[in-house]
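**Q** Please read through the structure below; I'll follow up with questions.
FYI, it's all coordinate maths here, none of it is from the lab. Since we're looking at a predicted model, the values are computed, not measured. Cβ atoms come from the backbone with ideal geometry, glycine included; neighbour counts cover every protein chain shown.
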Amino acid sequence: MTRWVLHVDLDQFLAAVEVLRHPELRGKPVVVGGDGDPTKRGVVSTASYEAREAGVHSGLPLRTAAKRCPDCVFLPVDADAYNAVSIVVMDVLRETGCPVEVLGWDEAFVGVELTGEQADDPESFARGLVADVKAATQLDCSVGIGQNKLQAKIATAFGKPAGVARLTTATWFDVLGDRPPDAIWGIGAKTVAKLTTLGIMSVRELAGADPDALAAVFGPMTGPWLVLLGQGRGDADVDPTPYVPRSHGREVTYQRNIKDWDQVRTEIDRLARLVAAEVTDRLVARVVVKVRYAPFFTETHGVASLGPDPDAFAEAALDALTRFDPGRPVRLLGVRAEFAGSP
């Protein structure tokens, strides 16, 4: 028996769902984000492959996306529609009888145990998943195969679109060895910048780095963990336990910067009371306030929750707000409840 981890990822998910709803958009550059108005502040949630060819990608401001691709069709985010399709996809995966660990609307890990002739051919099983998802939803997905979650997640990118790819310990350095460290899932630009100062420019160099040296820079847990990532090592257990949110919040991007901090306080109070009303079934341990100053610098501060009622929750949020600089214009505000027992 051979155990494999599969990472199933729906291709251009939000845009693909919208094309199913609006067949006339097939083949056109489609962008899903905000309320669908590119003249307003907001960011791209998903761009179709046609839009990506014009340089549009997730997280890009909608206004910038419109400049890069004037022919793009902009659509608002419709969470209910995407959630309904996601439920169908995850049910298809669970029908295999394998454990399924849901990561979000459009992706999940599947733990597979294969025996006999199939043990060394997880691609056949993966292609079956691709076909089953297509039959149930008319949507394409890609599947990455690995001996752990890290390898499977990274492999998916090599299978897109609508394909299957395998990455294992045996092929890790052949595929990734000469690539920069941010080719690894979990390593971002800030970490790469620090690694560069240490002379670590590739995955292979990261894998061979001294864990103690990295611990001195990144901390006793993160430093050695980065070395393990460089070696392609990771968790292989797929946890089918239903996802339980660790936090819940609301945030608003304002079309005009707020310069009056009395208005900022009013908005934080309003957002806090909305969040409090939505988390009455959970024990809140901490209230976090997020402020994005103009043009785009973001800061967060939190305080321990003073109690479950809206007045106490709002009081905690306003307390957190006192830790910010009140003299700067604001473009975004958010309030988040972090639940007790969350790591």
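**Q** Considering the alpha-carbon set of the stretch 172-230 alone, what are its Rg and its Dmax in angstrom?
**A** According to the Cα coordinates of the stretch 172-230, Rg and Dmax are 10.1, 29 Å.
**Q** For H57, what is the net charge nearby, where nearby means another residue's Cβ is under 13 Å from its Cβ and Lys, Arg count +1, Asp, Glu -1?
**A** Residues close to H57 contribute a combined charge of 0.
**Q** How high is the FRET efficiency from S124 to S247, r the C-beta distance, R0 35 Å, rounded to 0.05?
**A** 0.30
**Q** Now for a different question. Using just the Cα positions, wrap the stretch 19-79 in a convex hull and report its mean projected area in square nanometres, one decimal place.
**A** With every direction weighted equally, the projected area is 3.6 nm².
**Q** Would you mind calculating the relative contact order of the stretch 172-230 from Cα pairs under 8 angstrom and at least 6 residues apart, reporting the percent as a whole number?
**A** Reported relative contact order: 31 percent.
**Q** In the stretch 188-230, which residues have a backbone nitrogen under 18 Å from the label point lying 7 Å from D178's Cα in the Cα-to-Cβ direction?
**A** Within reach of a label on D178: 200-208.
**Q** Any idea what the relative contact order of the chain is, in percent, if you count C-alpha pairs under 8 Å spaced at least 6 apart?
**A** Result for the chain is 14 percent.
**Q** Can you give me the Kirkwood hydrodynamic radius for the chain, using every pair of distinct Cα atoms, in Å to one decimal?
**A** Roughly 22.6 Å, rounded to one decimal.
**Q** For every helix of n ≥ 4 consecutive DSSP H residues, a contribution of -39,500 (n - 2.57) applies; sum these over the chain, divide by its total residues, and give [θ] at 222 nm rounded to the nearest 500 deg cm²/dmol.
**A** -11000 deg cm²/dmol
**Q** What FRET efficiency, computed as 1/(1 + (r/R0)^6) with R0 = 25 Å and r the Cβ-Cβ distance, is obtained for D235 and A193, rounded to the nearest 0.05?
**A** My answer for the efficiency is 0.40.
**Q** Do you know the relative contact order of the stretch 19-79, to the nearest whole percent, from alpha carbon pairs under 8 angstrom that are 6+ apart?
**A** Here the relative contact order equals 39 percent.
**Q** Need one number: the % of Cα-Cα pairs in the stretch 142-243 sitting beyond the 17 Å mark.
**A** It works out to 52 percent of all Cα pairs.
**Q** Do any cysteines in the chain lack another Cys Cβ under 4.7 Å, and if so which?
**A** Within the chain, the cysteines lacking a partner Cβ under 4.7 Å are C98, C141.
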